[in-house]
Amino acid sequence: MQKIAVFCGASIGFNNKYKDDAERVGAYFAQQNIGLVYGGGKIGMMGTLADELLKHGGEVIGIIPHLLVHEEVVHSDLSQLIKTKTMSKRKVKISKLVDGYIALAGGFGTLDEIFEALTLGQLGIENKPIGLLNTAGFFDPLLAQLDVMVKEGFLKQVNKDMVLVSDTIDDLINQMTNYKAPKISKVVNTTVK
Ligand code: AMP
């Protein structure tokens, strides 16, 4: 995998374990020569991740919509900073550049971005691997909610299985490398029967 989009918090969280994992991911990407594509911020988990990668000589591409370009938040030392007109154009640009997606701990923005990637996968518009780095069980309640959706007939098990999960970055990348997208018979057929 050459480039991966990582979505993660513009906040750093209350517990150092999240920051530690952002640093581990940054060092790992640099060591494995994986380019990072991310939101372009210098704050929170995003900033920690980008800084760690840059510190180890890695490639970091930030993609940020004009409305978020403020000196306090935008990272000024990236390999490349691409500005887009809108949030949705940013997502399109990110998807054109990457071979897969990962979410680390974050909030609404992180969930929005990773679920958009999952929706594209469910519709067969993309077939890229999507992983959650499940630091200290951060995503366990979310995964439990996905099980409720399957049980109640709103999500196909095969689509839930698109979500790759691990608590270590090397295992997650390994799963992503070996990922096979579910077969979609018709682009529109996502209905649970
Ligand atoms: P959140 O999870 O709500 O903290 O939002 C973080 C996600 O939304 C990141 O993956 C970014 O792509 C995007 N995002 C939110 N705030 C910013 C910001 N100030 N600068 C750049 N990207 C941001």
Subject >> Checklist (1) surrounded by fewer than 19 Cβ atoms within 10 Å (Cβ to Cβ); (2) within 29 Å of D161 (Cβ to Cβ) applied to A5, failing item >> reply: (1)
**OP:** Residues being crowded, with 16+ Cβ neighbours inside 10 Å and more than 10 Å from the ligand (Cβ to nearest atom): count how many of those fall in segment 50-64.
**Re:** 9
**OP:** Consider L67 carefully, then state whether it is over 23 Å from N178 (Cα atoms), assigned to a helix (DSSP H, G or I) and near the ligand (Cβ under 10 Å from one of its atoms).
**Re:** yes
Subject >> Criterion violated by E72 - all others in (1) within 11 Å of the ligand (Cβ to nearest atom); (2) acidic (D, E); (3) over 12 Å from G9 (Cα atoms); (4) surrounded by 18 or more Cβ atoms within 10 Å (Cβ to Cβ) satisfied >> reply: (4)
Original post:
Hey, A30 hits all of (1) free of Cβ contacts under 8 Å to residues at least 60 places away in the same chain; (2) open to solvent by 50 Å² or more (accessible area, probe 1.4 Å) but one; which does it fall short on?
Top reply: (2)
Original post:
If we keep just the residues of segment 86-111 that are under 17 Å from I34 (Cβ atoms) and in a loop (DSSP other than H, G, I, E, B), which is nearest to the ligand (Cβ to nearest atom)?
Top reply: L104
**OP:** Write out, first by first residue and then by second, each pair whose Cβ atoms fall under 7 Å of each other, whose residues are 6+ apart or on separate chains, and whose first residue, in segment 127-142, is open to solvent by 10 Å² or more (accessible area, probe 1.4 Å) while the second is part of a strand (DSSP E or B) and polar (S, T, N, Q).
**Re:** N134/S166
**OP:** Confirm whether G39 is crowded, with 21+ Cβ neighbours inside 10 Å and more than 13 Å from the ligand (Cβ to nearest atom).
**Re:** no
**OP:** Restrict the check to segment 165-182 and report whether at least one residue is surrounded by 13 or more Cβ atoms within 10 Å (Cβ to Cβ) and within 16 Å of the ligand (Cβ to nearest atom).
**Re:** no
Subject >> Cβ pairs under 7 Å, 6+ apart, first in segment 6-19 and within 11 Å of the ligand (Cβ to nearest atom) and among the polar types (S, T, N, Q), second open to solvent by 70 Å² or more (accessible area, probe 1.4 Å) and modelled with pLDDT of 95 or more >> reply: none
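The values are calculated or read from the model by the stated rules, or taken from the named source; none is laboratory data. Predicted model, so just to flag it, every value in this text is computed and none were measured. All Cβ positions, even for glycine, are placed from backbone atoms using ideal geometry, and neighbour counts span all protein chains on display. Protein only, heavy atoms only, side chains kept; ligands, DNA and RNA dropped before computing areas. Shrake-Rupley method; radii C 1.70, N 1.55, O 1.52, S 1.80 Å.
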